[in-house]
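Visitor: First the structure, then my questions, so here it is.
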Amino acid sequence: MTTLSDRIDLAYSKLGLRESFIAAVMTRVKREVSDKVSTAGTNGAWVRFNPAFCDPLTDEELFGLVLHEAVHVVLMHMWRREGRDPSLWNYANDALINAYIRSRGWQLPKGGVNVGWVRESMSSEEVYAKLKENPPPPQGGKGSGSGDGDEESQPNAGGFDGKGDLEDAQDDATRVDMEATIVAAARMAKECGQGSSLIDRVLD
């Protein structure tokens, strides 16, 4: 019987074939099946996948989820927040990541952030600033609450359930090592003739 861990391993294998630069970076990041996250999440040291959310996904949706979490790491979102509102920062980065994934033609699980004006060429800080002026709608209000009304006022933090999937890095100690890994992988990809807006952004 194929387990979720087996399916995640397969998704990472696909990552190596389809997005080899990202896959090279993610060899440094632990992956695990865990209910400590509601859908999936990362803090740069680990990526966690909730079985209740992931089991029903198709293999291509699971690949899109793996890629989504990996791009958080590659763009170092967990180190770059710098005092910004964590929910809005997560939402802005999810919008940017999902724009990139859709531009590449890959699938995503339902419920992901989709902001029509966001382009993959934008920076996280630019998207955040625009969302700060025009905040996203709150999560809830469509029968998804628990009946006590609390959901109505909760901000939409992104992720695939409105709760967010990005945690701050535990500390800055690993930032330099991760940055060096990402730049080295991007340079190698470029030298091998690979190209994407993500690689160009890292090298710039």
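Visitor: Step through the table entries LYS130/LYS163; LYS30/LYS190; LYS14/LYS36; LYS132/LYS163; LYS36/LYS132, compare each Cα-Cα distance with 27 Å, and write down the pairs that go over it.
Guide: Violating the 27 Å Cα-Cα cut-off are LYS36/LYS132.
Visitor: In addition: What dipole magnitude, in Debye to the nearest 20, does the stretch 71-120 give about its Cα centre under +1 on Lys/Arg Cβ and -1 on Asp/Glu Cβ? Walk me through the numbers on the way to the answer.
Guide: Values: 7 positive and 4 negative charges, 26 e Å.
The dipole of the stretch 71-120 has a size of about 120 debye.
Visitor: OK, next. Kindly report the accessible area of the chain per residue (heavy atoms of protein chains, probe 1.4 Å, no ligands, DNA or RNA), in Å².
Guide: Dividing the accessible area of the chain by its residue count gives 50 Å².
Visitor: Among CYS54, VAL115, GLY162, whose Cα lies farthest out toward the positive end of the dipole of the chain, if unit charges sit on the beta carbon of Lys, Arg (+1) and Asp, Glu (-1)?
Guide: Projecting each Cα onto the dipole axis, the largest value belongs to VAL115.
Visitor: A further question on this structure: Please list the radius of gyration and Dmax for the stretch 161-202, considering alpha-carbon atoms only, with Å as the unit.
Guide: Cα radius of gyration and Dmax of the stretch 161-202 are 14.0, 39 Å respectively.
Visitor: How would you classify the stretch 1-51 from its alpha-carbon gyration tensor, with a ≥ b ≥ c the square roots of the eigenvalues: rounded for a/c under 1.5, else prolate if a/b is greater than b/c, otherwise oblate?
Guide: Verdict is oblate for the stretch 1-51.
Visitor: Hey, could you get me the Stokes-Einstein D for the stretch 36-96, Kirkwood radius over alpha-carbon pairs, 10 °C and 1.306 mPa s, rounded to whole µm² s⁻¹? List each step's numbers first, then the result.
Guide: Values: Rh = 12.3 Å.
Once the numbers are plugged in, D ends up at 129 µm²/s.
Visitor: Of the trypsin sites (Lys or Arg not before Pro) in the stretch 5-99, which ones lie in a loop per DSSP and count no more than 12 other C-beta atoms within 10 Å? Working shown, then result.
Guide: On the way: sites: ARG7, LYS14, ARG18, ARG28, LYS30, ARG31, LYS36, ARG48, ARG80, ARG81, ARG84; in loops: ARG28, LYS36, ARG80, ARG81, ARG84.
Loop-located and lightly packed - LYS36.
Visitor: Which residue, THR181, THR39, THR27, tops the fluctuation ranking in a GNM of the chain built on C-alpha contacts under 10 Å?
Guide: Maximum fluctuation in the GNM of the chain, among the listed residues, is at THR27.
Visitor: Charges at C-beta only: +1 for Lys and Arg, -1 for Asp and Glu. How large is the resulting dipole of the stretch 1-104 about its Cα centre, in Debye rounded to 20?
Guide: 360 debye
Visitor: Can you pull the percent of the chain's accessible area that's carbon plus sulfur, 1.4 Å probe, other chains left in place?
Guide: Carbon plus sulfur share of accessible area: 49 percent.
Visitor: On to the next question. Enumerate the helices in the chain for which the Kyte-Doolittle hydropathy averages -0.5 or more and the C-alpha atoms extend at least 20 Å along the helix's axis, using complete DSSP H runs. Write down the numbers at each step before the final one.
Guide: On the way: long enough: 4-18 (21 Å, -0.11); 59-74 (22 Å, 0.75); 86-103 (26 Å, -0.18); 175-191 (24 Å, 0.09).
Span-like helices, by this rule, are 4-18, 59-74, 86-103, 175-191.
Visitor: Could you tell me the ratio Rg/Rh of the chain? Both radii from Cα atoms, Rh via Kirkwood.
Guide: A ratio of 0.95.
Visitor: Using packing as a proxy for protection, rank 174-180, 191-197, 93-99, 107-113 so that the peptide with the highest average count of other Cβ atoms within 10 Å comes first. Don't skip to the end; give the middle numbers.
Guide: Details: 174-180: 13.3, 191-197: 11.3, 93-99: 25.4, 107-113: 17.9.
Ranked by mean Cβ neighbours within 10 Å, highest first: 93-99, 107-113, 174-180, 191-197.
The values are calculated or read from the model by the stated rules, or taken from the named source; none is laboratory data. Small disclaimer: the values here were computed from a predicted structure and weren't measured. Virtual Cβ from ideal backbone geometry, glycine too; neighbours counted across all protein chains shown. Heads up: the accessible areas ignore ligands, DNA and RNA and are worked out on the full protein's heavy atoms, side chains in. Shrake-Rupley method; radii C 1.70, N 1.55, O 1.52, S 1.80 Å.
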